[in-house]
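What follows is a set of notes on a single structure, which appears directly below.
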């Protein structure tokens, strides 16, 4: 890769993420804005192009920054001191340019897919009221149109771990892109990981996720609800028994109880790191994955991987927003 020296194992990056490339557009509004535009306060709603553009035009002053689950994770890896890259689809518009600029600014290599044929860059319009409620309207736009042709297999092969975001899995072309990327990663002797993203996402794609986990995934991320949904069990213990038969490694978060790391032989329990005041849990799972992957790529033991994941998650839940406000590498000391 241009500008970066390959390591002895041929890799350039620690982690390459694939996900929905969204720009977060954050604006402070009053309750009158919520009422005028018929928004459901505190909710997340998927919207179409016209609705997204209408809300964006009427927001007034706003802050724009790159977003999306897997993008949060690779930014966390970079903040810890790792090398990270990201593959996602944006359009050739102002927000697409802003998305790439944001990633480069924090040291993440951006490998955008091909042009989106006039479909605007995806965005999440976040209206924050005085009571700190976040009302989100998400337009997936170009981000959801990822195809196998958008996957830069050279970048995938140059990363120690491929990290794929379950939220992106809705369209058949995206499913093919995941398989294409996983094969390129395995052909290069690398590790393939997947985050389940959300229980509703698991419910939509359970059969396909199960097949992907069995066929391609070496390391699975999720929380306890998502794992139970994946295997349609009544208890977490039953789901753990199922995943250990399908996957060689799974890192499962348990909220305030910490996390467990599951292998075919063992279950390693790691407590959470205490936080004096939880402000916003958005991004906690994304940053847990960042810490775990960073530690895993440098050869740390499984318990230490989970501890560094907990450390990164603890930082992000202490403030508003899904990205760290400090260089996470400073916390490792």
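Derivation of every value follows stated rules applied to the coordinates shown; laboratory data play no part. Since the structure is predicted, the reported quantities are computational estimates derived from the model, not experimental observations. All Cβ positions, even for glycine, are placed from backbone atoms using ideal geometry, and neighbour counts span all protein chains on display.
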Debye intensity ratio I(q)/I(0), log10, the range 154-198, q values 0.25, 0.28, 0.34 Å⁻¹ (C-alpha model): -0.85, -0.98, -1.18
Segments 248-255, 269-276 sorted - mean Cβ within 10 Å per residue, highest first: 248-255, 269-276
Helix 49-58 axis, angle to the chain major axis (alpha carbon atoms, nearest 10°): 60 degrees
Mean-position separation - Cα centroids, the range 91-106 and the range 261-333, in angstrom: 26 Å
Residue 65-residue 4 pseudo-label distance in nm [points 7 Å out on the Cα-to-Cβ vector]: 2.2 nm
DSSP bridge pairs, the chain: antiparallel proportion in percent, nearest 5: 35 percent
Antiparallel bridge percentage (DSSP; both residues within the range 180-333; nearest 5): 50 percent
Pair residue 186, residue 245: separation of 7 Å Cα→Cβ label points (nm): 2.0 nm
Hydrodynamic radius (Kirkwood) for the range 182-333, which is based on Cα pairs only, to one decimal in Å: 15.8 Å
FRET efficiency, residue 36 to residue 281 (Cβ-Cβ, R0 25 Å, nearest 0.05): 0.30
Rounded FRET efficiency, nearest 0.05, which uses the C-beta distance separating residue 46 from residue 176 and R0 of 30 Å: 0.85
Helix 284-297 vs. the chain, principal-axis angle (Cα, 0 to 90°, nearest 10): 40 degrees
At R0 = 56 Å, FRET efficiency that the Cβ-Cβ distance of residue 149 and residue 333 yields, to 0.05: 0.80
Along each principal axis, Cα extent of the chain, largest first, Å: 57, 43, 42
Crossing angle, helix 69-79 versus the chain [Cα axis fit, 0-90 degrees, rounded to tens]: 70 degrees
